[in-house]
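The next block holds one structure in the form of structure tokens; read it before the comments.
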Amino acid sequence: GFKQMIVAARQKPPQFQSILVWKLSRFARNREDSIIYKSLLRKHGVQVVSINEQFEDTPSGRLLEGIIEVIDEFYSANLSQDVTRGMRESASRGFFSGGPPPYGYNRVKVTDGAVQRVKLEIDPMTAPIVRRIFAESVAGKGMVEIARDLNRDGLKTRKQKKWAKTSVSNTLKNEAYVGTLVWGKVSTNPSSGTRLPVIRTEGAYPELVNRETFNKVQA
């Protein structure tokens, strides 16, 4: 949507004269992007106007605007670091960090001091299906065959769709079923952009299959 807006602004004549934002921090992720796009827009006669921050289109006004954007970028980067640190700490203690739970589990809220956090508990309705998938894989059935049999029996995925090779494969590779929480496979340090080590917490969840069965399936 943002790119479409920039394309429209570059048309001759421009489709509009102003872009309204609630605050300048909502226009771009960082100061560098803000400078590039605002400069491009000015060349085409389009102004970025902040509803909550009024600036004159003068050298002193642009200076003040730049100072506010630098402060906003610092605040955003600092907040991102704090959020990442908090989520990593939560994952290292075995708490579920968000999103839909793996098939076979339900989310349950637990009290952790003064806050509510999330753990996983076994879903009695779908857990037997997970165990069946692993058992059939160990017995030598292929993923396509397992998916076909599940669909034949009228069983659905978490999204209430038919099983496919991919959904069976994702189930068989998920370490959550042996109780292991794996978090941060693509987690990066917000300040440096470097990759952070993956967090692995054993015993975070009640296991649905034992490690021996899981390893046989991976082999």
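Candidates in the stretch 26-46 are the residues that are hydrophobic (A, V, I, L, M, F, W, C) and part of a helix (DSSP H, G or I); of these, the one that is surrounded by the fewest Cβ atoms within 10 Å (Cβ to Cβ) is ILE36.
Here ALA139 clears all of (1) surrounded by fewer than 14 Cβ atoms within 10 Å (Cβ to Cβ); (2) at pLDDT below 85; (3) small (Gly, Ala, Ser) except the condition numbered (2).
Quickly run through the stretch 178-200 and pick out the residues that are crowded, with 17+ Cβ neighbours inside 10 Å and either under 21 Å from the mean Cα position of the chain (by Cα) or at pLDDT below 90 (or both).
Filtering the stretch 178-200 down to residues crowded, with 17+ Cβ neighbours inside 10 Å leaves 178-181, 183-184, 190, 199.
Passing the criteria: THR180, LEU181, TRP183, GLY184, PRO190, ILE199.
Of all residue pairs spaced 6 or more apart or on separate chains, none has beta-carbon atoms under 9 Å together with a first member in the stretch 78-90 that is free of Cβ contacts under 8 Å to residues at least 24 places away in the same chain and on the phi > 0 side of the Ramachandran plot and a second member that is exposed (fewer than 11 other Cβ atoms within 10 Å of the Cβ) and β-branched (Val, Ile, Thr).
Of all residues in the stretch 123-135, count the ones that are assigned to a helix (DSSP H, G or I) and open to solvent by less than 30 Å² (accessible area, probe 1.4 Å). Reasoning before the result, please.
Kept after step one, since they are assigned to a helix (DSSP H, G or I), are these residues of the stretch 123-135: 127-135.
Still in the list and also open to solvent by less than 30 Å² (accessible area, probe 1.4 Å): 127, 129-130, 133-134.
Qualifying residue count, the stretch 123-135: 5.
Would you check if LYS109 is part of a loop (DSSP other than H, G, I, E, B), at negative phi, out of contact with any Asp or Glu (no Cβ under 6 Å at 6 or more places or on another chain) and not aliphatic (A, V, I, L, M)? Working first, answer last.
Numbers: part of a loop (DSSP other than H, G, I, E, B): no; at negative phi: yes; out of contact with any Asp or Glu (no Cβ under 6 Å at 6 or more places or on another chain): yes; not aliphatic (A, V, I, L, M): yes.
Considered against the rule, which asks whether it is part of a loop (DSSP other than H, G, I, E, B), at negative phi, out of contact with any Asp or Glu (no Cβ under 6 Å at 6 or more places or on another chain) and not aliphatic (A, V, I, L, M), LYS109 comes out as no.
Annotation: ARG158 fulfils all but one of (1) farther than 22 Å from SER92 by Cβ; (2) without any contact (Cβ under 8 Å) to a residue 40 or more places away in the chain; (3) not in a helix (DSSP H, G or I); the unmet one is (2). Pairs are defined by a Cβ separation below 7 Å, a sequence spacing of at least 6 or placement on different chains, a first member in the stretch 60-73 that is touching a residue at least 12 places away in the same chain (Cβ under 8 Å), and a second member that is assigned to a helix (DSSP H, G or I) and open to solvent by 20 Å² or more (accessible area, probe 1.4 Å); the pairs so defined are GLU69/ARG31; VAL70/ARG31; ASP72/SER25; GLU73/ARG31. Just checking, does the stretch 70-79 include any residue being open to solvent by less than 30 Å² (accessible area, probe 1.4 Å) and either acidic (Asp, Glu) or touching a strand residue (DSSP E or B) at 6+ places or on another chain (Cβ under 8 Å) (or both)? No, the stretch 70-79 contains no residue that is open to solvent by less than 30 Å² (accessible area, probe 1.4 Å) and either acidic (Asp, Glu) or touching a strand residue (DSSP E or B) at 6+ places or on another chain (Cβ under 8 Å) (or both).
Out of everything in the stretch 148-162 that is under 24 Å from the mean Cα position of the chain (by Cα) and surrounded by 14 or more Cβ atoms within 10 Å (Cβ to Cβ), what residue ends up being farthest from PHE96 (Cα to Cα)?
Applying the first criterion (under 24 Å from the mean Cα position of the chain (by Cα)) to the stretch 148-162 yields 157-161.
Right, trim to surrounded by 14 or more Cβ atoms within 10 Å (Cβ to Cβ) and you get 157-158.
Working: THR157: 21, ARG158: 17 Å.
Filtering first and then ranking leaves THR157.
Condition check for LEU120 on (1) open to solvent by less than 60 Å² (accessible area, probe 1.4 Å); (2) outside any strand (DSSP E or B): one failure, at (2).
When ASP57 is tested against (1) part of a helix (DSSP H, G or I); (2) open to solvent by 60 Å² or more (accessible area, probe 1.4 Å); (3) farther than 23 Å from LYS159 by Cβ; (4) not hydroxyl-bearing (Ser, Thr, Tyr), just one condition goes unmet, and that condition is (1). Taking into account only those residues within the stretch 1-25 that are of a type in the set (Gly, Ala, Ser) and over 15 Å from ILE71 (Cβ atoms), which is most open to solvent (accessible area, probe 1.4 Å)? Selected residue: GLY1.
Assess whether GLN54 counts as being polar (S, T, N, Q), over 30 Å from TYR177 (Cβ atoms) and touching a residue at least 24 places away in the same chain (Cβ under 8 Å).
Details: polar (S, T, N, Q): yes; over 30 Å from TYR177 (Cβ atoms): yes; touching a residue at least 24 places away in the same chain (Cβ under 8 Å): no.
Against the criterion (polar (S, T, N, Q), over 30 Å from TYR177 (Cβ atoms) and touching a residue at least 24 places away in the same chain (Cβ under 8 Å)), GLN54 does not qualify.
The values are calculated or read from the model by the stated rules, or taken from the named source; none is laboratory data. Only a predicted model underlies this, so the values are computations on that prediction, with no experimental measurement involved. Quick reminder, even Gly has a Cβ in these numbers, built from the backbone with ideal geometry, and neighbours come from all protein chains shown. Surface accessibility is based on the protein's heavy atoms, side chains included, excluding ligands, DNA and RNA. Shrake-Rupley method; radii C 1.70, N 1.55, O 1.52, S 1.80 Å.
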